[in-house]
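Have a look at the structure below before the remarks.
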Amino acid sequence: MFIKPDYRLTRRLPFNLICAVLISLAASQAALADELAVWNFNDSDLNVDHGSGTLTSTVNAVNILFPAGTTNNARQGDAAGQALSLQGGTGNANNGRNLTFNVSTLGFSNIVVSFATQGTSTGFNSNQFQYSLDGITFVDFAAPYAPATAFGALPLVFTLSSIVGLNNNPNAAFRIVFNGATSSTGNNRIDNIVVEGTNATIPEPTTALLLISGLSGLYKLRRRRKHKGTNE
Ligand SMILES: [Ca+2]
Ligand SMILES: [Ca+2]
């Protein structure tokens, strides 16, 4: 007694439709944006909270605080929790200092950096976003920004897809240089820093192999059934 494989499902689905679904599944997986690094500051430190990357600041340690945060730009269900706050410092010593985040973009392109921010009236009001291809030399990107007085609902977004050197780069880095603070306690809060990108658009070798072997299996099955004329 033989147990026959159940071909009823595949028989009902036209071969071309199955191929189209498999190919579009592979393509849509390849086009998904991925978060490479996320800092939500909810544990009141500079350590990355999702993904991998390092965040450092030249702002005096005494002027780095972690007050209430926001869900603006929060990812993966993160609570508002805490935010990073940088103060002007005594004698506005922190004007010209920075926040730098190093995030490898290996395997990714179309890099986008975003974060929520707000500032007090005497906080930093002229902040320059920069990127680096080698982690050493930083280049201005877009005009300096002045934060709104409240986090609001929309993050600042820096779309870096035109900077092809940032694609697939283990030394990619990003920086915000702060200026314009006019009091020691004037400050900017930052929360939910996200560095994201898209996977290479070509399916990975294993995905491609699975796809090809799946398609050839279906093709053989179809040919065999055509030749034999299945009637079960
Ligand atoms: Ca937070
Ligand atoms: Ca953290």
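From the alpha carbon centroid of segment 61-106 to that of segment 133-193 is 11 Å. Remark: segment 72-182 projects, on average over all directions, an area of 7.5 nm² (convex hull of Cα atoms).
Given a 1.4 Å probe and the protein chains all in place, what does the accessible area of T182 round to, in Å² to the nearest 10? Accessible area, nearest 10 Å²: 90 Å². Can you give the net charge of the other residues whose Cβ lies under 14 Å from the Cβ of G88, counting K and R as +1 and D and E as -1? Every neighbour counted, the sum reads +2.
The values are calculated or read from the model by the stated rules, or taken from the named source; none is laboratory data. Predicted, not measured: the structure shown is a model, and the values here were computed from it. FYI the Cβ positions are ideal-geometry reconstructions off the backbone, even for glycines, and counts take in every protein chain you see. Note: accessible area is taken over every heavy atom of the protein model, side chains too, but ligands, DNA and RNA are not part of it. Shrake-Rupley method; radii C 1.70, N 1.55, O 1.52, S 1.80 Å.
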